[in-house]
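Report on the structure given below.
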Amino acid sequence: MKITIYHLLILIFGGLQPYLYSQTTIVQNSTITQQQVFANIDTLIIQNCQFTNINGEAVRFSGIDYVEISNCSFTNISNTISTRAVICGKSTSKVLLKNLDLQNISGTAIRIPTDGASILSDRVGTVIIDSVNIYNCQSTTTLLGDAIRIFHTDSLFVSNSTLKKIDNMGIDLGRNSSTTQTAQKVNYCHINNNQIDSVLADGIGAKENIDFALIENNTITNIAYDGIGARPADGDHGIYWQAPNAVIRNNFISQVKDGLVSGNYGLGISLRTNATITNNMVSHCTGGGIGYFNDHPSNGNIFIANNVVYDCMSQGIYMNGSNGNILNPILVSHPDTVFVFHNTVLNEPIQTPMHLSAPMAFNSMPSKNYLAGNILIFETVIDTSKHIFTTNTSHLVKQYNHLVSGDINFEDYPNRILKLTSSSSAVDFLPFGTTFVSYDILNNLRTGNHDAGAYEFTPNTSGLNSLSTEPNSIQFFPNPSQGQLNFKSSQMVSNMNVYDFFGRLIERIKIDNSQGEIQIEPTNNIFLIQVVFLDGTTTHTKVYIN
């Protein structure tokens, strides 16, 4: 194993201390079969190493300003202590874990901090986990097989990572405790663009002590994939969230299977406090699509808008205020206001009594509740009084909800493509001037009389086949390209709107020129560019990105 230790001597002019010694440890290009413990240095860098067949944690660190572990693999690591992990540490200002592969792990893969630390000196500043693959975390009788476990940290970023076949939780955030909860909080976290699949407990779960979180663009599938889950008495969910003020948006959640064999059902998104939940796709969940339960502290508002929920065994969207508070049974709190706007929900009456699988339900909600602009499809149920089930909820204002029993000319109802067509009865459903949500699930601006549901019908931008019949007055070259496109037009261009293959708006570009250059990130191969000219006319061009 190659370990290099650098001692840097830096002269400081005009300071109280004339010399500062700095120590950097670099481990690289090695195969490592023993535990590595690092403490009380300035910088630790581990690169291009293979950790294999180790009993105990592979890397443990403390008292370090900066830790970077990149381009390494960890295989066949067996943890021996429940409060540690393959990679774990505390008392560190910044931790960067990038381009790592962890496979065949007993216990937890990544845990920060180590050993349940709670004092201020143990705290970690920023943790960045990027492009990390974690596969096959196994629980034992004494160890939980979590993929990522983080608390007592200022800021957390998890992105572009794949977590698969995890015996417990995919990403576990925060910690509930009567004595250390405040000290161990996470001030901010951003969980973005991760693939979480085949997890026995929650895909992403948060305790109460997260100050603010943004959870977006994640794909979460096959939760409790054995039909039992990790916690049969409680239920396992795609996203389980106890902390206030979170924004949960643009996630795809499907196949939450808890309870199919035994145990309690699981939801796509199980919310326990106030939050904003928008633009998510949720389907095929045993315990319902999106649900709120008041067993943790809650105040402020719940805002649920532009979500598409379909084919769940229980209610599509369910607001339940009948639970007590777990941590303090004397305290029962509720949100101040609940807004449920412009969702498209499709369920069928597969439970008895049928209201257990209604598209929408409110139970014992003392908050002010507003339900507007939704499409609620209760398949085969003609009696529209069954679409919204309400008990012990006195303040529920219902406006302009389209209650139907089947296909209303969606793009492809059998395959659950629930975009609207021009002949759909949901088009222009709301009276002129009635506005609840300005953009739809694809970030298209709602114009004119707003449509019911998550999708606003936009004939010129709803897909690559909906092209303008006007001749193009602009050229893009080269086409195909690597993402960098030149354009030349006979007219002044005001702006360009870039849509992906599915018709989703991914970027608006301000131009104010008749020629120039744009850059498109190659997330797909085919894009549609809507060009808006200075005189207000538009045209569309299909471009190909290699």
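Can you tell me the relative contact order of the stretch 267-458? Whole percent, Cα pairs under 8 Å, sequence separation 6 or more.
Numbers: 568 pairs, mean separation 33.5, N = 192.
Once normalised by length, the contact order is 17 percent.
What is the local net charge at residue 357, summed over the other residues whose Cβ is closer than 15 Å to its Cβ (Lys, Arg +1; Asp, Glu -1)? Here the count lands on -3. Length available on full extension from residue 162 to residue 415: 0.36 nm per residue minus the Cα-Cα distance, which gives 88.4 nm.
For the stretch 1-221, a simple Cβ point-charge model (Lys and Arg +1, Asp and Glu -1, everything else neutral) yields a dipole of about 300 debye relative to the Cα centre. As a rough footprinting exposure proxy, the listed residues 240, 66 were ranked by other beta carbons within 10 Å of their own, and the order from fewest upward is 66, 240.
How large is the convex hull of the C-alpha atoms of the stretch 1-221 per residue, in Å³? Before the final figure, lay out the partial values.
Details: hull volume 26.4 nm³, N = 221.
Each residue corresponds to 120 Å³ of Cα convex hull volume.
Our coupling estimate for the stretch 375-380, obtained by passing each phi through the Karplus curve with A = 6.51, B = -1.76, C = 1.60 and θ = phi - 60°, is 9, 10, 10, 10, 4, 6 Hz, Gly and Pro reported as x. Which aspartates and glutamates, on any chain, are close to residue 368 with Cα under 20 Å apart, when same-chain ones fewer than 8 places away are left out? Partners within reach: 295, 336. Of all DSSP bridge pairs formed entirely within the chain, close to 20 percent run antiparallel. Distance between the pseudo-spin-label points of residue 333 and residue 399 (7 Å out from Cα toward the beta carbon): 2.9 nm.
Projecting the Cα atoms of 293, 388, 269 onto the charge dipole of the stretch 267-458 (Cβ charges, centred on the Cα centre) puts 293 farthest toward the positive pole. Exceedance of the 22 Å cut-off in Cα-Cα distance is limited, within the set 419/488; 98/510; 98/165; 98/257, to 419/488; 98/510; 98/257. Applying 1/(1 + (r/R0)^6) with R0 = 30 Å to the Cβ-Cβ distance of residue 352 and residue 504 gives a FRET efficiency near 0.20. Taking 25 °C and 0.890 mPa s as conditions, the stretch 474-544 diffuses translationally at an estimated 205 µm²/s according to Stokes-Einstein applied to its Kirkwood radius (Cα pairs).
The simple Förster model, with R0 at 22 Å and r as the Cβ-Cβ distance, assigns residue 28 and residue 131 a FRET efficiency of 0.75.
Can you tell me which of 87-94, 135-142 comes out highest on packing, and rank the rest after it, using the mean Cβ neighbours within 10 Å?
By packing density, highest mean first, the sequence is 87-94, 135-142.
Spin-label model, residue 65 to residue 35: label points 7 Å out along the Cα-to-beta-carbon direction sit 2.8 nm apart.
For the chain, the Cβ-based charge dipole about the Cα centre amounts to some 780 debye (Lys, Arg positive; Asp, Glu negative; other atoms uncharged). Spatially, the stretch 136-151 and the stretch 32-108 are offset by 15 Å when compared through their Cα centroids. Summarised in one figure, the compactness ratio Rg/Rh of the stretch 267-458, Cα atoms and Kirkwood Rh, is 0.96. Listed from fewest to most Cβ neighbours within 10 Å, the set 151, 436 follows the order 436, 151.
Report the gain in length on full extension from residue 491 to residue 407: 0.36 nm times residue separation, minus Cα-Cα distance, nm rounded to one decimal. Spell out each step's value before the answer.
Details: separation 84, 0.36 × 84 = 30.24 nm, distance 4.29 nm.
Residue separation times 0.36 nm, minus the Cα-Cα distance, leaves 26.0 nm.
Net charge in the neighbourhood of residue 521 (other residues with Cβ under 11 Å of its Cβ; Lys, Arg +1, Asp, Glu -1) is -2.
Projected onto their three principal axes, the Cα atoms of the chain cover extents of 72, 66, 46 Å, largest first.
The stretch 160-183 and the stretch 264-284 have Cα centres spaced 17 Å apart.
Using label points projected 7 Å from each Cα along Cα→Cβ, tell me how many nm separate residue 48 and residue 479, to one decimal. Calculated label separation equals 4.3 nm. This ranking places 354, 360, 496 by how few other beta-carbon atoms lie within 10 Å of each, fewest first, which gives 354, 496, 360.
Read the figures in this text as sums done on the coordinates, not as results from a lab. All figures in this text were calculated on a predicted structure; none of them were measured in a lab. Don't worry about glycine lacking a Cβ; one is built from the backbone with ideal geometry, like all the others, and counts go over all protein chains shown.
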